[in-house]
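The values are calculated or read from the model by the stated rules, or taken from the named source; none is laboratory data. Bear in mind the structure is a predicted one, so any value in this text is a computation, not a measurement. Neighbour counts are summed over all protein chains in view; Cβ atoms, including those assigned to glycine, are modelled from backbone coordinates with ideal geometry. Side chains included, ligands, DNA and RNA excluded: accessible areas come from the protein's heavy atoms. Shrake-Rupley method; radii C 1.70, N 1.55, O 1.52, S 1.80 Å.
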Amino acid sequence: MPTPRERWSTAGPQSAGSWWVRSVPGWHGAFGLFVAIAAVVLLASRDPDRGAAGLAVGLVTVAYAALAVPGARRRDWRARAYLAVAVLGFGAAYAADPQLSFLLFIAFPQTWFLTDTRREGVVWTVATAAAGLVGMSAGYGPTAATMDIAVSMLVSVGFTCVLGVWISFVVEQSAERAQLIAELEDTRAELAAAHHEAGVAAERSRMAADIHDTLAQGFTGIVLLAQSAAAVAREEPTRRALGLIEGAARSGLAEARTLVAAMSPVGLEDAGTLGEALRRLAERVSRESGVRVDVVVSGRDPVTLPKAQQVVLLRAAQEALANVRKHAGAGRAQVVLSSEDGTASLEVRDDGVGLAVADLTGGTGFGLAGMRRRVEEAGGVLEVAGEPGVGTRVRIALPTSPTDTADLVGGGAG
């Protein structure tokens with residue numbers, strides 16, 4: 001079971017644990033003040049044993065600096081070692097010069113400050129009182145009223161223990177309250193996050209409705225118009241162009257439906273696999289641009305990807321092939337999809353003009369930067385490599401969860 005101070009120290013930045021740590025310099029200052037007063041008393045004393053008393057106080061001071069200062073925050077073995085030295089050293093100082101008995105005012109609190117449990121505090125308090133009783137009895141000599149000293153020590157022990165136990169109880173209760181406050185703060189933060197997510201979900205629903213009512217309807221109209229025009233067109237080039245327009249409109253319609261259907265990947269409803277969706281994308285790019293695009297699907301241990309990750313890979317392939325079509329000047333490109341060792345990867349490479357260094361860093365345009373941001377948000381890594389004249393390679397790697405042994409992409413090569 002954690003001690004009161006352990007619970008105190010884990011309650012948070014505004015907790016009593018922080019107060020306890022902040023109070024350590026104050027305890028050091030109090031000890032230094034008592035040592036300074038003892039030095040003044042010894043300098044003003046004419047007792048022949050004041051040298052021995054000064055040596056004892058000096059020994060305790062050195063032990064405090066070497067053991068208590070580094071051990072005060074953790075209250076480890078060094079704190080206990082100092083307490084042992086302090087009990088013996090202060091006892092010897094009282095024996096040499098009983099005027100130093102006021103040092104008990106710092107010795108008793110230290111027994112609680114440098115220990116973790118109430119039992120330890122009581123034990124060290126009794127030991128300090130016993131050393132004071134023996135030391136002062138020896139210091140005052142045969143005329144000493146030992147019984148009076150013993151009663152005084154007994155009262156001091158009782159008062160110190162009661163005060164120490166009460167303070168420990170207060171510390172424990174404060175730690176529990178601080179922990180409760182921290183839990184309430186965490187709960188409030190979770191509720192705020194939940195409200196934020198609810199707001200985001202509502203906004204997405206609104207945007208999905210807008211996309212359905214605007215873009216989807218517009219693409220549907222373009223498809224119908226292209227079909228109507230193709231039905232009456234007489235020239236083959238015109239029909240081919242209208243076919244391309246219809247294909248592009250259908251692709252846009254599929255994209256709009258994907259957004260409306262909560263990020264469902266394009267083409268997966270019909271083809272059933274990400275690999276087939278990539279093949280359909282490659283066929284469309286080849287048909288529209290003249291660049292031959294091959295799709296290769298492999299995977300030693302294929303797994304089913306979440307829809308969000310499928311979307312990331314498909315969007316990355318779309319962006320990479322769009323760059324190939326617009327900028328690469330390539331005659332051939334290849335899309336390689338694989339799943340291996342808990343990682344799904346997509347690689348798009350071409351034999352075009354390649355990219356300059358500035359393009360590899362994502363410093364131009366929004367396509368590569370947006371792709372990188374989307375991949376990183378999914379927990380993946382985007383690598384872009386290429387040199388002018390030797391083509392470009394874009395590779396995306398996403399971590400996968402092997403909870404489902406169904407094929408990621410349907411297998412086979414395209």
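When residue 98 is tested against the conditions (1) modelled with pLDDT under 85; (2) farther than 19 Å from residue 135 by Cα; (3) touching a Gly at 6+ places or on another chain (Cβ under 6 Å), the lone failure is (2). Residues of region 294-330 that are touching a Lys or Arg at 6+ places or on another chain (Cβ under 8 Å), among the aliphatic types (A, V, I, L, M) and either modelled with pLDDT under 80 or in a strand (DSSP E or B) (or both): 295 alone. Applying the criterion of being touching a residue at least 60 places away in the same chain (Cβ under 8 Å) and open to solvent by less than 40 Å² (accessible area, probe 1.4 Å) to the residues of region 75-108, the residue that is nearest to the chain's Cα centre (by Cα) is 75. In the condition set (1) part of a helix (DSSP H, G or I); (2) open to solvent by 30 Å² or more (accessible area, probe 1.4 Å), residue 64 is compliant with all but (2). Condition check for residue 410 on (1) at pLDDT below 85; (2) crowded, with 18+ Cβ neighbours inside 10 Å: one failure, at (2). Scanning region 375-399 for residues that are farther than 15 Å from residue 337 by Cβ and either open to solvent by less than 40 Å² (accessible area, probe 1.4 Å) or assigned to a strand (DSSP E or B) (or both) yields 378, 381, 382, 383, 384, 385, 386, 391, 392, 399. Take residue 165 and tell me if it is without any contact (Cβ under 8 Å) to a residue 40 or more places away in the chain and open to solvent by 40 Å² or more (accessible area, probe 1.4 Å). Answer is no for this residue. Residues of region 48-61 that are assigned to a helix (DSSP H, G or I) and either at positive phi or not hydroxyl-bearing (Ser, Thr, Tyr) (or both): 50, 51, 52, 53, 54, 55, 56, 57, 58, 59, 60. Could you say whether any residue in region 110-130 is closer than 23 Å to residue 23 by Cα and aliphatic (A, V, I, L, M)? Yes, region 110-130 contains a residue that is closer than 23 Å to residue 23 by Cα and aliphatic (A, V, I, L, M).
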